[in-house]
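Notes follow the structure.
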Amino acid sequence: MRRLFPSGLVLLSGILAVAWSTASIAYQPSPANCAAEADRASRGVGSGLGGVGRGAARGAVFGAIVGDSKSARRGAALGGIVGGVRRGAQKNNVYQSVYDACMRRR
């Protein structure tokens, strides 16, 4: 009589099934792992300097439309500050979102 499945193959498939089902349980990210993952994600947002530059350009255009060259300078300064703050807040939001999602996987 011929066996349909060799006993070694059945044993191996059972071991693989148990390993597959417990693999997600075995890996629980630590707070340090989550912080590193969130840091990598927040770096992808861009630099604060880019936000300052874009904000300054927008502020200068708005100031030039509304007033004269003095208004354009004031608009550029205010726009640069707002752009930098906005980019910093965006990086912080991305960091916190990724960190929280990682910690929920625990």
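Just so it is clear, none of the values below were taken in a lab; they were calculated from the coordinates. It should be emphasised that the depicted structure is a prediction, and the values quoted were computed from it without experimental measurement.
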Could you go through segment 88-99 in sequence order and give the Karplus-derived ³J(HN,Hα) for each residue, using 6.51 cos²θ - 1.76 cosθ + 1.60 with θ = phi - 60°, rounded to whole Hz, and x for Gly and Pro?
-> x, 5, 5, 4, 5, 5, 5, 4, 5, 5, 5, 4
If you wrap segment 42-101's Cα atoms in a convex hull and average its projection over all directions, what's the area in nm²?
-> 3.8 nm²
